[in-house]
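Bear in mind these aren't lab numbers, they're just calculated from the coordinates by the rules spelled out. What you see is a predicted model; the values in this text were computed from it and never measured. Heads up, the Cβs are rebuilt from the backbone with ideal geometry, glycines too, and the neighbour counts pull from every protein chain shown.
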Amino acid sequence: KDIEYIDSYYFNKLEYTRFSSSVGKFVGFTEQGVKNAAAWNNDPSYLSAMKAQKEAYCLNHVPGYYRAAL
């Protein structure tokens, strides 16, 4: 519940698009980012693949990182 997967896209040190597992979709921050987010949000297979990244990546790696931090 407390884990969030974030995938951010940058160009020239400016974040233009972000996927957040807590929101469940892409959000654009620039004109081009809004266009990319709209296109990616309309592709159900890509959107479901991004949603699955939380389980595939985060939940499998957190126990190891947690133990190392303690």
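The residues neighbouring T17, those whose beta-carbon lies less than 13 Å from its own, together hold a net charge of 0 under the Lys/Arg +1, Asp/Glu -1 convention. For T17, the amide hydrogen comes within under 5 Å of the amide hydrogens of Y9, F29, counting only partners 5 or more places away or on other chains and with H modelled in the peptide plane. Shown in residue order for segment 59-67 are the 3J(HN,Hα) couplings computed by the Karplus curve 6.51 cos²θ - 1.76 cosθ + 1.60 at θ = phi - 60°: 5, 7, 9, 4, x, x, 5, 5, 5 Hz (x for Gly and Pro). Over the chain, dividing the summed -39,500 (n - 2.57) contributions of all DSSP H runs of at least 4 residues by the number of residues returns a 222 nm mean residue ellipticity of -13500 deg cm²/dmol.
Sparse packing (at most 12 other Cβ atoms within 10 Å of the Cβ) combined with a DSSP loop state is found for the following trypsin sites (Lys or Arg not before Pro) in the chain: K1, K13. The chymotrypsin sites (Phe, Trp or Tyr not before Pro) of the chain include none that meets both conditions, a loop assignment by DSSP and at most 13 other Cβ atoms within 10 Å of the site Cβ.
The relative contact order of the chain comes to 24 percent, based on Cα pairs under 8 Å that sit 6 or more residues apart. Between the listed residues F26, A68, N41, the Cα displaced farthest toward the positive end of the dipole of segment 6-69, a dipole computed from Cβ unit charges relative to the Cα centre, is found at A68. For segment 37-70 versus segment 1-31, the spacing of their alpha-carbon centroids is 12 Å.
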